[in-house]
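This report concerns only the one structure given below.
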Amino acid sequence: MTGDMTGELTGARTGELTCAPAGPLDVEPSGVTERAPRAPGRTEPFPPKLWADAVYSRRAIPATLAAGHPAPGRADADLDPPLQGLRLPLEPPPLHLAPSPGSRAGLTEPAVLAALLHYSYGLLQHDVTPGGRPLHRAVASARCRYPSELTLVTPTTAFRFDPLHHQLVQINGSVTISQHTQPGASQYAVITSRFARTARLYGDYAPRLCAQEAGMLLGAVHLTAAALGLATRPGQDRDTLDGLCADRLPAAEHPMGYLEILPTTQPPAAGPSWLSAGLAPALRARHSGAAIFDPDPAPAPRALLADLGAALAAAPFTDFSCHLLVRRVADSAPGHYVHSDGRLWQVRDGDPLALMERIGQTEGRVSVNFRSTACTAYIAVRRGTAVARYGTDAFRRLHLIAGSAAHLLCVAAARHGLSARVHNGYDAAAAERLLGLTMDEETVLFQVAIGAARPGAAFRVPVVF
């Protein structure tokens, strides 16, 4: 499948899961004193059957995708209207990301604002091909549909980021951000999703893909903000999210998550130690490989495992575990590694190829060449606690947790010149059993295959301002 993130349907079982709490599942924001009631009449985008239909099912790829045509009734232009409102040009983004004195001013500093938006969700690459020019943003997306939207919300107004033109589009309020940012007030990077963009190809499977991308976008904003020295607090709380979106959200969009950007007068914090000053080049180099993920069977450098562990330790949420099945990493024994609670350790030695191919087999076939990968990561979440606490909203919350970690894995791989493919062609029930997860407690939400990409058929060029 083409695009940055594939969307095959996976799994084989249903049933509610339960588990004991293992740390906070939510981070409450500061600076929000009033919470608007949830919009009346808004449909619930994540019904309970999504766990079975989208995570554990064995359905085939939607016929509309195989045929290359939009799903019936899903191509209405009114579902995806163009951005309207006063446009505010942004400064050209810098070629490097690092804390600066301007970070003390937060997003009122034009250079900091431009850098945060561009390297979180801006256009970094595009393919020049006979069939068109697919655009690639800083995060992976199924078939490059990019249903997620990034909106900057201040105490008095909101601005939608337009990555195609590197501009802000004012939704309401006055003209500039600096005029309407109160001293000592937080600003919010709010993530919403237009399911219709992805449903045109993936039909009812779209909510899963949209939730995955929203989580990766939250991880992207969090990572870029940290590199710029900004103090942030990630949030999942639904009431706060609805309050931030009230009177600003088009009917075709669903609230997904937010990152609170805290005011500070302190010197900017140091960026992520595992990336040093190399985040911008890694983001520009990040890609998902060719349409068929068939990497070159070359060993990855030893530093890859250390960077993957450090990246996961820096994730905005902690309620997940990551299982790494390692095959080709220099000076590292093949085997099954686990990252949890900020550390990485090996739980089983030996070549994990048979394990990877059993987990990665759906519809009687394996759709990733695991024989050539350096390693494959499986991100698992504590579904039972979340379902018991949040009901249907657990689907959104857990995909934010897992997706934000998945993006960091992709960036860590790119730092070493490797591709990372988020691929849903895996059997979720088999993954739980074969990885030794606590049955009826943990659920795998992401499979990320990492390897040295072969030259692709498309000619891809960077987008540099």
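Could you list, in sequence order, all residues of the stretch 100-125 that are at pLDDT below 85 and within 24 Å of the chain's Cα centre (by Cα)?
Passing the criteria: GLY106, LEU107.
Specify which of the listed residues (GLY384, GLY451) is touching a residue at least 24 places away in the same chain (Cβ under 8 Å) and not in a helix (DSSP H, G or I).
Working: GLY384 fails: not in a helix (DSSP H, G or I).
Exactly one of GLY384, GLY451 is touching a residue at least 24 places away in the same chain (Cβ under 8 Å) and not in a helix (DSSP H, G or I), namely GLY451.
Kindly provide the set of residues from the stretch 419-436 that are part of a loop (DSSP other than H, G, I, E, B) and surrounded by fewer than 18 Cβ atoms within 10 Å (Cβ to Cβ), ordered by number. Even if it seems obvious, please write down each step before you answer.
First, the residues of the stretch 419-436 that are part of a loop (DSSP other than H, G, I, E, B): 423-427, 435-436.
Once the filter is applied, which keeps residues that are part of a loop (DSSP other than H, G, I, E, B) and surrounded by fewer than 18 Cβ atoms within 10 Å (Cβ to Cβ), the stretch 419-436 yields only GLY436.
Would you confirm, using the coordinates I've provided, whether ASP349 is acidic (Asp, Glu) and surrounded by 17 or more Cβ atoms within 10 Å (Cβ to Cβ)? Talk me through it step by step, then tell me what you get.
Working: acidic (Asp, Glu): yes; surrounded by 17 or more Cβ atoms within 10 Å (Cβ to Cβ): no.
For ASP349, the condition - acidic (Asp, Glu) and surrounded by 17 or more Cβ atoms within 10 Å (Cβ to Cβ) - is not met.
Just to be sure I understand, how many residues within the stretch 296-317 are surrounded by 24 or more Cβ atoms within 10 Å (Cβ to Cβ) and not in a helix (DSSP H, G or I)?
4
Residues that are aromatic (Phe, Trp, Tyr), in contact with a strand residue (DSSP E or B) (Cβ under 6 Å, 6 or more places away or on another chain), part of a loop (DSSP other than H, G, I, E, B) and touching a residue at least 24 places away in the same chain (Cβ under 8 Å): does the stretch 281-295 have at least one? Give the derivation first.
Keep residues of the stretch 281-295 that are aromatic (Phe, Trp, Tyr), which gives 293.
Now drop any that are not in contact with a strand residue (DSSP E or B) (Cβ under 6 Å, 6 or more places away or on another chain), which leaves 293.
In the following step, the residues that additionally are part of a loop (DSSP other than H, G, I, E, B) were identified as 293.
Adding the requirement that they be touching a residue at least 24 places away in the same chain (Cβ under 8 Å) leaves 293.
Yes, that holds for at least one residue.
Where residues in the stretch 423-432 are of a type outside the set (Phe, Trp, Tyr) and in contact with a Gly (Cβ under 9 Å, 6 or more places away or on another chain), which of them is farthest from GLY360 (Cα to Cα)? First the steps, then the outcome.
Filtering the stretch 423-432 down to residues of a type outside the set (Phe, Trp, Tyr) leaves 423-425, 427-432.
From the residues that got through so far, the ones that are in contact with a Gly (Cβ under 9 Å, 6 or more places away or on another chain) too are 423-425, 427-431.
On the way: HIS423: 9, ASN424: 9, GLY425: 6, ASP427: 6, ALA428: 9, ALA429: 11, ALA430: 9, ALA431: 8 Å.
Checking each candidate, the answer is ALA429.
Could you tell me whether ALA377 is in contact with a Cys (Cβ under 8 Å, 6 or more places away or on another chain), farther than 16 Å from GLY219 by Cα and buried (at least 24 other Cβ atoms within 10 Å of the Cβ)?
Numbers: in contact with a Cys (Cβ under 8 Å, 6 or more places away or on another chain): yes; farther than 16 Å from GLY219 by Cα: yes; buried (at least 24 other Cβ atoms within 10 Å of the Cβ): yes.
Considered against the rule, which asks whether it is in contact with a Cys (Cβ under 8 Å, 6 or more places away or on another chain), farther than 16 Å from GLY219 by Cα and buried (at least 24 other Cβ atoms within 10 Å of the Cβ), ALA377 comes out as yes.
All but one of (1) over 20 Å from the mean Cα position of the chain (by Cα); (2) at pLDDT below 95; (3) under 25 Å from ARG365 (Cβ atoms); (4) among the hydrophobic types (A, V, I, L, M, F, W, C) hold for LEU435; state the number of the condition that does not hold.
Failed condition: (2).
The values are calculated or read from the model by the stated rules, or taken from the named source; none is laboratory data. Here the structure is a predicted model, which means the values were calculated and not measured. Glycine gets a Cβ as well: all are built from the backbone with ideal geometry, and neighbour counts include every protein chain shown.
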